[in-house]
Every structure is written in C-alpha cells, then in structure tokens.
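Below is one structure, written out as structure tokens; the observations come after it.
The values are calculated or read from the model by the stated rules, or taken from the named source; none is laboratory data. Bear in mind that the values here come from a model prediction, so they are computed numbers and not experimental data. Neighbour counts run over all protein chains shown; Cβ positions are idealised from the backbone, glycine included. Please note that ligands, DNA and RNA were not included when accessible areas were found on the heavy atoms of the full protein model with its side chains. Shrake-Rupley method; radii C 1.70, N 1.55, O 1.52, S 1.80 Å.
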Number of protein chains: 6
Amino acid sequence: MRILAIGAHPDDVELCCGGTLAKYAGRGDQVTILIATNGNVGSPTLTMKEIADVRYKEAQASADVIGADLIWLNYDDEFLFHNRESRMTFINAIRKANPDVMLVHSNNDYHPDHRICSEISIDCRIPVTVPLIVTEYPAMVKIPHVFMYDNVGGIDFQPEAYVDITDTIQTKAKMLKCHASQDIWLQHMYGSDIVANMVRTSSFRGQGPGVKYAEGFRSLPMFPIPGGAHLLP
Amino acid sequence: MRILAIGAHPDDVELCCGGTLAKYAGRGDQVTILIATNGNVGSPTLTMKEIADVRYKEAQASADVIGADLIWLNYDDEFLFHNRESRMTFINAIRKANPDVMLVHSNNDYHPDHRICSEISIDCRIPVTVPLIVTEYPAMVKIPHVFMYDNVGGIDFQPEAYVDITDTIQTKAKMLKCHASQDIWLQHMYGSDIVANMVRTSSFRGQGPGVKYAEGFRSLPMFPIPGGAHLLP
Amino acid sequence: MRILAIGAHPDDVELCCGGTLAKYAGRGDQVTILIATNGNVGSPTLTMKEIADVRYKEAQASADVIGADLIWLNYDDEFLFHNRESRMTFINAIRKANPDVMLVHSNNDYHPDHRICSEISIDCRIPVTVPLIVTEYPAMVKIPHVFMYDNVGGIDFQPEAYVDITDTIQTKAKMLKCHASQDIWLQHMYGSDIVANMVRTSSFRGQGPGVKYAEGFRSLPMFPIPGGAHLLP
Amino acid sequence: MRILAIGAHPDDVELCCGGTLAKYAGRGDQVTILIATNGNVGSPTLTMKEIADVRYKEAQASADVIGADLIWLNYDDEFLFHNRESRMTFINAIRKANPDVMLVHSNNDYHPDHRICSEISIDCRIPVTVPLIVTEYPAMVKIPHVFMYDNVGGIDFQPEAYVDITDTIQTKAKMLKCHASQDIWLQHMYGSDIVANMVRTSSFRGQGPGVKYAEGFRSLPMFPIPGGAHLLP
Amino acid sequence: MRILAIGAHPDDVELCCGGTLAKYAGRGDQVTILIATNGNVGSPTLTMKEIADVRYKEAQASADVIGADLIWLNYDDEFLFHNRESRMTFINAIRKANPDVMLVHSNNDYHPDHRICSEISIDCRIPVTVPLIVTEYPAMVKIPHVFMYDNVGGIDFQPEAYVDITDTIQTKAKMLKCHASQDIWLQHMYGSDIVANMVRTSSFRGQGPGVKYAEGFRSLPMFPIPGGAHLLP
Amino acid sequence: MRILAIGAHPDDVELCCGGTLAKYAGRGDQVTILIATNGNVGSPTLTMKEIADVRYKEAQASADVIGADLIWLNYDDEFLFHNRESRMTFINAIRKANPDVMLVHSNNDYHPDHRICSEISIDCRIPVTVPLIVTEYPAMVKIPHVFMYDNVGGIDFQPEAYVDITDTIQTKAKMLKCHASQDIWLQHMYGSDIVANMVRTSSFRGQGPGVKYAEGFRSLPMFPIPGGAHLLP
C-alpha cells in the first residue's frame, strides 16, 4: 500500500502517528510525509528564513529514518488557510503520493493550522480522483481512505482504533529527535520536552488495548467509503 | 409560499429534496432552484466548458418539470469557497427568489461543496433582510425559515421531520433523469445508478413515518426563529 | 471464531445483522443466537402462551438455516429489565456461547427492550470473565469484542463499519421468513412487510461502501479493548 | 385531540408546559394531567401524609383551572423507579387518557424523578398499543406522538419547537398558584418564588420566536413516527 | 488582571458579558473591549458612513461607563471573514490589550459574524505569543485563557460557569443604553427592546446559581491550558 | 471543607482522584472515602468472603494514609444496582459525610458498577437535603457540588478542569499500593501493573495544564448549581 501522512508542521506527523508510519514502512508499505508549513516561526533566536531551512533539513532527516518520501509545501507557519490555491496545491501533492490511506489531523484539533490542514486534506479526497481537475500529477484512480490521528494532548479525541507501536516507539523517538530545533523551541515556550511528551501520550493510549505503547485513530462518517479499519497496520 | 432550494451541484436538489419540491409546486407554491456550481468537472469525456453547458441545460429541463425558476451561479465545481464575493452573490440570488422557506444542504455534509454551500446559505439568512446591504434585488422583508435536507447516503443525518413523497417520487425521478450526464458520470466513477440510489434513500426514509417514500429534514438552532416544521408540505 | 448475536425479540437479530451472521457461518465460524424475550405479545389472535410457542419454533427454524445454536431466555416481551437476576442470566448464557465477538442492539435504540437488552449485554462483557462470579458455565478466558448493530429504521445510528451482505441477503431473507407470525403481526400493527423493510434498510446501508446490500455496525468506547473492526467478516 | 401531560411531581407540568396545556384546552382539546408522585416530601412542617393530601388537592385545583382530567399515581416523591410494576402502572394510566400527543420530561433532565418519569413514559409509547398487554383500560389504537418539554432552569435543553403562550401565561400562573405549598417549600429550600421562576423561563424562551412568552419542546428520534411538530398548538 | 472582551458588533459584548466586565472593572482589573466590525448596516435611515460614526461614539461611551479601553477594528458589518489579513489584525489588537483572560463569542453562535469572530479570536491564542510573528505590538509572554460567552437568545449554549451580575446589571444596562441606535434598529427589524431582551436572558441565567441575574460562560477543550474557571470574577 | 469521594470498588477513588484527595487532606479539608462494593470477586485464589475481608483492610489502610474516613457499603462487586434500597443507603451514607464537594465516577464510565454508582450518587444530591426523607443521619443543609472524575483509561472523558497532583502523586501511589490484592488481580487478568497504569494516566493528564502529573474532572449541567470549579484544590 501507499500511505500518506499529512501534518501542518514539521514534527506533527512524527508526534501523532510516527509509530504507525514506522510500522507501515517496516512491513514494506510506501510512506510519504506531506508537511504543509515550513515551521518558520518556531525559533527563539533564528530568523524566519533560517529556522525554515533548519526545519526542512530536520524533516528530511526524520523521513529518511523510515525511508519515507517528503513533500514540503512551504506555507508560512501559523498562516495556513483554506482557499482555492491551497486546495489546488494539496490536490496536486496528494496525487503525487497517490495514497491508499491518508492519515490527517483531527477535524476538531485545538490548533488552527492543524484543524485547517485537516479540513483541506479531507476536502481533497474526492477531487483528487476527478480527471477534469488538472494538476501536474494525474488524477488518482480511487478515493483514499482517511484516518484522523490523535493530538499530543489527546484533547477531545477518543480513538476508535488503536495501533500497537511498542515495537516502533524507538524509531518514532528517533524521528522526533531529528526535530532538534523544536525541542529547543518547546522547552523555551512551554518548558516541555518533545520526546517525553510523545512518550506520555503513547503510553497512555497503550492502556486501552493493553499494550505498552499505542497510537489512536478515528474516522469521519463519509460517502462513499472506500475501505476501513483493517487498513491500519 | 415561495420556496428556495439551494444545491451545490446540478442534481443535488433533485436527489435530496426533489419530492418535496414537487409537492410544494403541486400545491401551487412558487419554487426556485439555485445551483451554486456549474458542474464543470462531472464528465469523463467532455471539456469543462462542454459539460458545464450540458449541465445547465439539464438543470433547466429538470426545473421545468415542476415549473420551478432556476438560478445558476456558475461557480467552478469542487471549488466553491466562502468569502465576501460568494456571500454577496448568494445574498443577491436569495433576494431574487425572496423565499419564505429555504432548503439547504446539511452543515455537516461529507462533501466540501455541499458543506460550504450550506454555510454560505445559512449565513445569508439575516443579511438578506438588511437594507444597507445593497445588491441588485431589494432587501427581503422577513427572514426565511431554513431546513437542511438529507444527503444521498444519509451519512450522519438524523431527520427531525419527514415529508411523504410517495405521490411525487415519479416526478422526482423524472427530474433526476434530466441530469443524464451525471448518470454517465456516476456510473463511470462509482458504478452507481443515480435514480436507483435516490430510490434506495427515499424508500429507507419512508420507514420511519410508515410511508412508501419520504425525504428527511433537520433544522439548526437559530435566532431569531421565524417559522417551524409546519412550513413543510 | 465463536460469534454471539443477542436480540431482545425473536427476529431482531435476523433483521439487523442476519446477513453478517450468515457470512460468519458460511466461512465456518460458530454462531449462537441468544433471544432475551419469548415474543409473547406479538399476535393479534393467539394467547401469550400460544404465540410464545410459535415464536420459539420460528426462532429455531431460523437458526437452523445457518446452523446456529439458539439460546432462549424466555423473558416476557416488552418487560425486560436490568436487575441482578437478568444480569446473572445473561452472564451464564454468554458463557455458554463463549464468544470472541458479541453483536448487540445499540445502546441508544428507540425500543425499550432493545435498549435494555443492549445495556445488560454490554455490562456483562467484563463479569463473564471473572471466576468468582459462579454460574452453570465456567468463566470465559477473554473479554469478547462487542459491536452494536443497526436498527430497522436506522434511527440515530451512524455506522462506523459496514459488512457487505450482497451474497447472503437471500439467506437473511430466508431466516426472516421463518418468523411468519411477525409478518402477520407487523402487517396488522403497522401495515409493513418485514422482509421488504429489511431489504429497504440493507439496500440503503449498501450505498456507503458501494455495494448492493450491507449492514452497519458501531463500537462503544470501552476499556480494556480486546479486538477491533477486523473481527467483522 | 387528546393531550396527556406527564409530570413527576405536582407542579412540574404547570411549570414546564402549563401555557401549552391551557392553549390546547382553550381550543377544545381534551387535556389530561398525569402526576407520578404524590409530592410527599415537599414540606418543611407537615408530615408526609399531610403534605401528600395537600398536594393532591392543589393538583386537582390546578387541573380544574383548564378543565383537565387528573391522574394521580401516588408514588413516593424522590423514589420513582423504572421496573415492571411502574411500567405497567404507566401503561394503564396512559391508556386511560388515550392521548394523541404526550408531553413528557426530557430524557436528560437533571432531576432523577423527572428523568426516570420521562424514561418510563417514553418506553410505554409502543406497549400501550399492544392488545396482549392487558390492563384495566383497553389497548390504544395508535401510538401517541411524544414531545419532551423544557425544565425550569432550561438546563441542557435546546428547543426544536416553540409554542407562543403569551395569551395563556396568566392561566399558567393561575394553575401554578394552586400549588401554594410548593411556593412555601421552594422559598424555604432555595429562596425562590415559583411563579417568578416560571415567568423568567417563559420570557427567555419567548425571545427565539420573537414573542413575549413561549415554551420550548424537543422530540426524540423514534420509530415508528406517528406525527410531528404540527401537533403542537 | 487584564481582561479582553471581543465582540463582532458594537453592543455584543455589553449584551452578553457586560455585567461580568463591570464586575472585573469594579474590582480593579483592566478591561479592554475589542469590536471587530463598525456596525455600518445597522440603521433604517442613516448611510453606512453615518451609522458607523454613530456606533463608534456609542461604543466609546459604553466603554467609558466602566473605564474600559476600546479597540475598533472597523470591519464591515456582516462581512467579517477569516483570512490572513484578519488573523494578523486580531493578533496585533490582542497583543495591544495583552490580556490574561479573553471573553469571546461561542464557536457555535448562530450569527456568522459572531461565529467567525470567535474562530479568529480563538485561533490567535497561540500566535500572539510567538515572537517571529511580528506586529506593531510585541509578542505576549503567556497564552491568555479563553472563555466563550452566551448569546442573547441562549441558543445552543449550556453554561459551564456562571458569574453573578446582580450588583452590576444596572451598569450593564447603562452600557447597553449607550447603543441607542441599536435599540432603534432592533425595534425596527424585530420589534424587540434591547435592554428588555438583555434582562430576560440575565434573569434566566440567574436561576441556575440561584441569584437574581447572571451571565453564563463555557470553555473549549484546548492545549496547552493556562488557567481555569477561577479566573472569572 | 468536607470532601466525599465515592467509588464503586476499593481502589477506584485512589486510581482516579487520589492525588486530589491527598491535596485536599494536605490543606486541612476533611476527606471521606465511600466505597460501594466490597470487591468480593477480585481474586484468582481467595473465596469471596476472604477477598472482601482483605479489601476492606486495604481500603482502610489506604484511607489512613491521608487521614480520611472510610464508609464501606458492602455491596457485592459487579452487582450494584440502582433501586430504592441502594438510593436510600447512599442518601444515608452521604449525609454521614455531609460533604461540600462530592467526587464521583463519570456518568458515561465504561464499567457498569462505575456508571451505576455515578448515577446513584448524582441522583442523591437533592434528596440528601430533604428533611422528610428520614435516615439515620440528619438531612444536609446544602446541596453538595458534584465533580465527575476521570477513568483509568481516560475513555470518552475530556476534562473541563485539572488538578495539579505533582506534589501528591507519591501519596497517591502509596494509597494505591495498599490495595496489594488488586495488583495481583490485575496482573492475573490483564497483565497490568496498577501503579504503573495510574502513573501513565496522571502523566498524560499533566500535559494539558503543563505540569508533571494531573487529574481531570468534569461537571454535569445541573439545577440548582451550588458552587463551581473553584472548589477544586
């Protein structure tokens, strides 16, 4: 299968579904990570240009950990909006990855970039298959199945399905550590350690299914419905 | 009464509330069908211009079946957005129809054009009555009552009120068959027959009220509230 | 696997998940049908004793169609309540079937017997595994996974997962026809044809996944969580 | 039409839908008020027997204001439970009134007697029509339509339909004043004036529909569905 | 503390949380009122320019009643949209007020300007603290706590917390009366008296906590969470 | 203040709000722990009588850690039901503790004993103040404020308020370790370590408010409302 994980910022995908991506990759699925914004406000010391460059390299290093492709849309951090331009950009990027399964932020996420990134992504699931919507990459043949992933605080998110990531949490942590600039930033802003936070959530979500570490997912009621929970690894 | 049914695409209104419109028309109410997009991506073979032309003619033919007026906003299919321009265009178009009752997509519909079309329509209910918002047509005197109609898969939609369409389902089917291009398109994309799908949903919704065929509607909690369920036929 | 479908009345299980049971049975799973009440008010002409006898035979005939075991709890129709006696009776009956998967009414079903039957069933999922709760049959070794099935009108029920029953709807209809007394009763009370109603709902639910006929299921958020959607056939 | 309003305590019905009852009665509908408990804990000075007697007389006087029949079930105040005995008692009492429309507490009311009274009432809507469930009064011919009424604080209750009670609020107040013992009791317990509280809520609910005073109602999604919002006066 | 109340139109803040603002101000907190639109459609007789001027003066007079600062964003009434420009404008304005607590419209408010104003405001809570997002005023040091306030009809709004405004309702009324043009407008459009409506809602909300007048508030689940209900006066 | 924490089983209160109880106790509030059932099925080796005795001693030892009073209702584990007897027993027990604040299971908890214990507890909040409801202990003078606490898996529970328990988690762990029999039982049944699970949840809940460990609470919309979130420590 081809898997596309879409995150608003560099490190979102790693934080929220990195263990699942590592599991997909580990069994031979083709994983692509699409990052909407360049994270260009996430530094207490660098300029916007400098931190964006750092974050691109971090994201690439993280993707390399599991052999994933990286799509970098380069929107300004904190200023992603849903309009014709961004919709069209996402359609083209999703077609490039041509996924069977899309993992996206939850549509009720507390962060505006996350929520809007989720909305754009979900709203693309039908248009990506329509031939008369012409972009660089050809129309996809089938509608991808969409799962929404948890957020780092688990805020207002009740999983419907869990993926046991006990075997891949080390890989997840390794990916996350590639985002070294964010560890500095989050320490600076909130006094929190990015890997420690990820472990807290992964450990908590493991309780339901009775495993050491897990990640949680939900689906949206949609139409038509091209798959189901068996698409999770 | 004057009734305005607003759909994102040609055929949406027929699919989801065509039987109710036929019933309104049949008892002498003035029905207008407003279609936001021109359906210009809905073909496997024609150009965007060609399929848009076809769909306009189909929509007109369908409206003619029940003697309804047609308002054609001509937005690009799959690319309806909510901004000042579209809000203003909808305000003017609603004023042209000057409805007592508006039937719109549900605000949680699974399709982006449907959901956004619903949002714009609902957000116009107060502005259409405000004189200092100047458009081609004069401000309306009273706020129209808004019902949200079901979607073809009944996804996440629990009706609050039902309209028995047993006597008008043939008219509904006749309207739908005017959209011949969409039958081709949906067969091509999903292998589904548009009239058959409509009958499946109408038959299912008939079970609750114990009739052969029905359509379901919901209201949104709003303020002020200028009417109620007795406005349904 | 061992599958246990629990219904409040004879014919509930067939109406709401009969196609799925036929599919489980057809692939070799062991299916048990547990019926809480004896249906002893469902006749316009017979005595309570007579109609209860008829319904038991009908239920047995229906179970025989797919080679399912039948557990008959014999509670009075319309008077199922949740108390220590009924909880204990259900624990014992579930242990007898010893299921991997339980299919139960939805916890928000519109009918009191359905809703209460759902509540008792769900509340037994942990106690059935506790050795110090002694009943005729031994404590189960693992907690069964619980799915809630749709209701005949699809009232307030949005499926999370679908089972394609296109290949087993004839078997489902055959099971349902065994409940001939209920066809008479529903014709008498509501003028509705039990098989026709089932087909209406199965056809409607097929639209989402794009098949001819389907049945819909949901899960409840629970703890601990011993399985998932891949347990559906 | 025949209307049955069911309240847990003497004065509940008056507080929450008294204006609507007065309106029904005023246009010639037959109104019955069913009171589940005898209010026998609602006094700071009287014995349980004494206050129950007082409250029965008050309830009778209130019903007389609009020419309503009174059904008095005499359960202990604060100790209404849902079991076979109470279900059977309600079935018989509802059959006595033989209503087209039932007005009941909301199923999520904050007070246990209200919530349980609502649950019993709603769960009787099908059994009241079943001939083999034999009680003193004969089985009803059709399922009554059920509306849930607001609570005095409007807690967690969003009306779907409003009844303008501007013309009957004086009658509503007159009915409420018959419950003089409760004015004493609520002054004693909460320092609140029962008529003043009623006016606060009726005035607030009037804002939505733009009238001086209104009462709000909701429906539950049910099956089958024998009526609709046009049944409100 | 510094308190920022954000309203879509002149008078929204007074109507929905004016008593709470008066209470904050009365105990010495620094209150700022931010008004997004200039109310330039709210007149049956004046031009847009004229009524906007009137409303600015009214808003200033109202703010003066409690010694609050006024921030006037001057967007067109009924045409507030959420885009990069409005997000940036709000970020700057919020930084100017530099609040500990923000009071905003509810995110499910029935009026489009209210709902969109709420969305922009809530989406600014994190960006206002980010130094690389450069505006006229410096980045704030900590994330403000956000409460959503009630709407005038209480539509779909269940308070989680109440503020007793019995002592400040006269001040609230005095503030509201500064908006004399809106009293004319609402009388013209809806026949409703703005102060009377406010009293109706404040009186109703007083019932829950057992006081004469109250205002209700809710929080959104968010992350991170920098405060809590004790921040209300 | 006087605090009453009510749990269905020995160890529930410790697991879900033990840190908050330790904090209340630590600042001088009077804490009472009420345990509904005797935990008499929670052993793989002991008899029901033996394990119940063990659990009583464990509960007493745990309460002693923070100097709390213990009320032991001695219902059979897994068989708590809501009826007149249990309601009356809870009313009397709550009156004995005479709390300002009650901490109870969530009303949507996944475990039947938890859910039913929550329902009984919440339904007692008004009756405990009614003098004519006579029990061993006198009627309380004011309605206690009720908070619902989280569950160990955080299933379907979104906190509205958080208590920082970083300083008391060691005490919480010490209380929990008193329930040594349950560590054996949960290891036997689920292979899970009771203290480790508690730490996982407390750590996770700490993320929102940005502390090391926290516990989450919600309120129910109720009437009347005698307090608020400031009652948490």
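Could you compute how much accessible surface E:Phe204 exposes when probed at 1.4 Å, giving the result in Å² to the nearest 10?
0
Can you pull the accessible area of D:Glu50 for me, 1.4 Å probe, Å² to the nearest 10?
90
How long, wide and thick is the protein assembly as shown, going by the Cα atoms along their three principal axes, in whole angstroms, largest first?
72, 72, 71
Taking only Cα atoms of the stretch D:171-233, what ratio of Rg to Rh do you get with Rh as the Kirkwood inverse-distance radius?
Looking at the stretch D:171-233, the ratio lands at 1.12.
Where the centre of each part is set by its Cα atoms, how far does the stretch A:160-233 sit from the stretch F:178-233, in angstrom?
If you average the Cα positions of each part, the centres end up 21 Å apart.
What nm distances, shortest first, do you get from the label point of F:Thr47 to those in the other copies when the point sits 7 angstrom along Cα to Cβ?
Once sorted, the set of distances for F:Thr47 reads 4.7, 4.7, 8.3, 9.2, 9.7 nm.
About its Cα centre, how strong a charge dipole does chain C have in debye, to the nearest 20, once Lys and Arg get +1 and Asp and Glu get -1 at the Cβ? Write down the numbers at each step before the final one.
Values: 20 positive and 27 negative charges, 111 e Å.
Once rounded to the nearest 20, the dipole reads 540 debye.
Ordering D:Met1, C:Met222 by how much accessible area each has at a 1.4 Å probe, largest first, what is the list?
In descending accessible area the options line up as D:Met1, C:Met222.
Quick one: with all protein chains in place, what share of the accessible area of the stretch B:2-220 is carbon or sulfur, to the nearest percent (1.4 Å probe)?
Here carbon and sulfur together make up 51 percent of the probe-accessible area.
Sort A:Arg205, D:Arg218 by heavy-atom solvent-accessible area, probe 1.4 angstrom, most to least.
D:Arg218, A:Arg205
List the relative contact order of the stretch F:2-220 as a percent without decimals, with contacts defined as Cα pairs under 8 Å and 6+ residues apart.
25
Output, in nm with one decimal and in ascending order, the distances from the A:Glu136 label point to the matching label points of the other copies (7 Å from Cα along Cα-to-Cβ).
4.0, 4.0, 7.0, 7.8, 8.2
Once you place label points 7 Å from the Cα toward the Cβ at D:Asp167 and C:Val195, how far apart are they in nm?
That separation, rounded to one decimal, is 5.4 nm.
Between E:Leu70 and E:Glu136, 0.36 nm times their residue separation minus their Cα-Cα distance comes to what?
Using 0.36 nm per residue and subtracting the Cα-Cα distance, I get 22.1 nm.
Between chain D and chain F, with a rotation axis joining them, whose C-beta in D is nearest that axis, and what is the whole-Å distance?
Spelled out as residue then distance in Å, it is D:Asn83, 4.
Compute the accessible area of each residue in the stretch E:58-94 twice, once for its chain alone and once with every protein chain present, using a 1.4 Å probe on heavy atoms, and list those whose area falls by at least 40 Å².
Those residues are E:Glu78, E:Phe79, E:Phe81, E:Arg84, E:Arg87.
Considering only the label points, 7 Å along Cα→Cβ from Cα, what distances in nm to one decimal separate D:Asp167 from the same position in each other copy, shortest first?
2.9, 4.6, 6.5, 6.5, 7.5
Summarise the partner chain shielding of C:205-212 as one whole number: the mean count of Cβ atoms from other chains within 10 Å of each residue's Cβ. Write down the numbers at each step before the final one.
On the way: counts 4, 4, 14, 11, 7, 9, 0, 1.
Other-chain Cβ atoms within 10 Å of each residue's Cβ, averaged: 6.
Can you flag which of E:Lys96/E:Lys177; A:Lys172/C:Lys96; D:Lys212/E:Lys177 are past 32 Å Cα-Cα?
Over 32 Å apart, Cα to Cα: A:Lys172/C:Lys96.
Once you order the gyration tensor axes a ≥ b ≥ c over the Cα atoms, which shape class does the stretch A:1-108 get: rounded for a/c under 1.5, otherwise prolate or oblate by comparing a/b with b/c? Display every interim value, and only then the final one.
Numbers: a/c = 1.96, a/b = 1.30, b/c = 1.51.
Since a/c reaches 1.5 but b/c is at least a/b, the shape of the stretch A:1-108 is classed as oblate.
Quick check for me: using +1 on Lys/Arg Cβ and -1 on Asp/Glu Cβ, what's the dipole size of the protein assembly as shown about its Cα centre, in debye to the nearest 20? Can you show the working numbers first?
Numbers: 120 positive and 162 negative charges, 0 e Å.
Dipole about the Cα centre, nearest 20: 0 debye.
Work out, in µm²/s and without decimals, the Stokes-Einstein translational diffusion coefficient of the stretch E:109-150 at 10 °C, 1.306 mPa s, Rh from Kirkwood over C-alpha pairs. If you can, show how the numbers build up before the last one.
Numbers: Rh = 11.6 Å.
This corresponds to a translational diffusion coefficient of 137 µm²/s.
Roughly speaking, what % of Cα-Cα pairs in chain C are separated by over 28 Å, rounded to a whole number?
24
Taking R0 as 51 Å, what FRET efficiency do you get between A:Arg2 and C:Ala61 from their Cβ-Cβ distance, rounded to the nearest 0.05?
After rounding to 0.05, the efficiency reads 0.55.
Per residue, what accessible area does chain B have, given a 1.4 Å probe and all protein chains present, in Å²?
33
What nm value, rounded to one decimal, do you get for the distance between F:Glu85 and E:Glu85 when each label is placed 7 Å out toward the C-beta?
Distance between label points: 7.3 nm.
Compare A:Trp185, E:Trp72 by solvent-accessible area with a 1.4 Å probe and give them largest first, with all protein chains kept in place.
On the way: A:Trp185 20, E:Trp72 55 Å².
Reading off the accessible areas and sorting them downward yields E:Trp72, A:Trp185.
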